[in-house]
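Single-structure report; data block below.
The values are calculated or read from the model by the stated rules, or taken from the named source; none is laboratory data. Since the structure is predicted, the reported quantities are computational estimates derived from the model, not experimental observations. A quick note on method: Cβ atoms are made from the backbone with ideal geometry, for glycine too, and the neighbour counts reach across all protein chains shown.
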Amino acid sequence: MAIDIPHGQVGVRTVSEVRKAGGDVIRTSGKSPHHATLSGLTPEKISNLLTPTYPNPARQQ
(Lines give C-alpha, C1' and ligand atoms only; values in the text may rest on other atoms or scores of the structure.)
Protein backbone atom coordinates (compact mmCIF):
# COMPACT_ATOMS: atom_id res chain seq x y z
CA MET A 1 0.00 0.00 0.00
CA ALA A 2 1.45 3.35 -1.04
CA ILE A 3 1.19 6.26 1.36
CA ASP A 4 0.20 9.52 -0.32
CA ILE A 5 2.59 12.12 1.08
CA PRO A 6 2.35 15.21 -1.15
CA HIS A 7 5.74 16.69 -0.21
CA GLY A 8 8.88 16.28 -2.30
CA GLN A 9 11.13 15.98 0.75
CA VAL A 10 10.47 14.18 4.04
CA GLY A 11 12.15 14.17 7.44
CA VAL A 12 12.00 10.96 9.45
CA ARG A 13 12.04 10.41 13.22
CA THR A 14 10.43 7.94 15.60
CA VAL A 15 7.76 8.93 18.12
CA SER A 16 10.23 8.16 20.92
CA GLU A 17 12.80 10.54 19.40
CA VAL A 18 10.19 13.31 19.21
CA ARG A 19 9.12 12.70 22.81
CA LYS A 20 12.74 12.62 23.99
CA ALA A 21 13.14 16.09 22.42
CA GLY A 22 10.16 17.31 24.48
CA GLY A 23 7.39 17.02 21.90
CA ASP A 24 4.50 14.68 21.35
CA VAL A 25 2.96 12.85 18.40
CA ILE A 26 -0.78 12.28 18.37
CA ARG A 27 -2.71 10.29 15.77
CA THR A 28 -5.12 12.64 13.96
CA SER A 29 -7.33 12.44 10.89
CA GLY A 30 -5.92 13.49 7.55
CA LYS A 31 -5.43 12.32 3.96
CA SER A 32 -3.79 9.12 5.18
CA PRO A 33 -4.77 6.62 7.88
CA HIS A 34 -1.21 7.15 9.18
CA HIS A 35 -1.61 10.91 9.71
CA ALA A 36 -0.37 12.38 12.99
CA THR A 37 0.24 15.79 14.50
CA LEU A 38 3.54 16.77 16.11
CA SER A 39 3.16 19.27 18.98
CA GLY A 40 5.07 20.78 21.87
CA LEU A 41 8.18 21.89 19.99
CA THR A 42 9.17 25.21 18.44
CA PRO A 43 9.41 25.39 14.64
CA GLU A 44 13.21 25.61 14.99
CA LYS A 45 13.38 22.44 17.11
CA ILE A 46 11.10 20.61 14.68
CA SER A 47 13.23 21.71 11.74
CA ASN A 48 16.40 20.53 13.49
CA LEU A 49 14.78 17.25 14.48
CA LEU A 50 13.58 16.51 10.94
CA THR A 51 16.88 17.42 9.26
CA PRO A 52 18.33 16.02 7.11
CA THR A 53 15.46 15.52 4.71
CA TYR A 54 15.27 12.86 2.03
CA PRO A 55 13.55 12.72 -1.36
CA ASN A 56 10.06 11.35 -0.86
CA PRO A 57 10.26 7.70 -2.00
CA ALA A 58 6.50 7.64 -2.63
CA ARG A 59 6.82 10.21 -5.41
CA GLN A 60 7.57 8.63 -8.75
CA GLN A 61 9.53 10.70 -11.25
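Numbers for the structure displayed
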item: All positions within the stretch 29-46 that are among the polar types (S, T, N, Q), surrounded by 10 or more Cβ atoms within 10 Å (Cβ to Cβ) and modelled with pLDDT under 95; result: S32, T37
item: Counted residues, the stretch 24-47 - those being without any contact (Cβ under 8 Å) to a residue 24 or more places away in the chain and assigned to a loop (DSSP other than H, G, I, E, B); result: 8
item: Selection status of R59, surrounded by 11 or more Cβ atoms within 10 Å (Cβ to Cβ), within 10 Å of the chain's Cα centre (by Cα) and not in a strand (DSSP E or B); result: no
item: Long-range neighbours under 7 Å by Cβ, at least six apart or interchain, first residue polar (S, T, N, Q) within the stretch 7-18, second not in a loop (DSSP other than H, G, I, E, B); result: Q9/Y54; Q9/P55
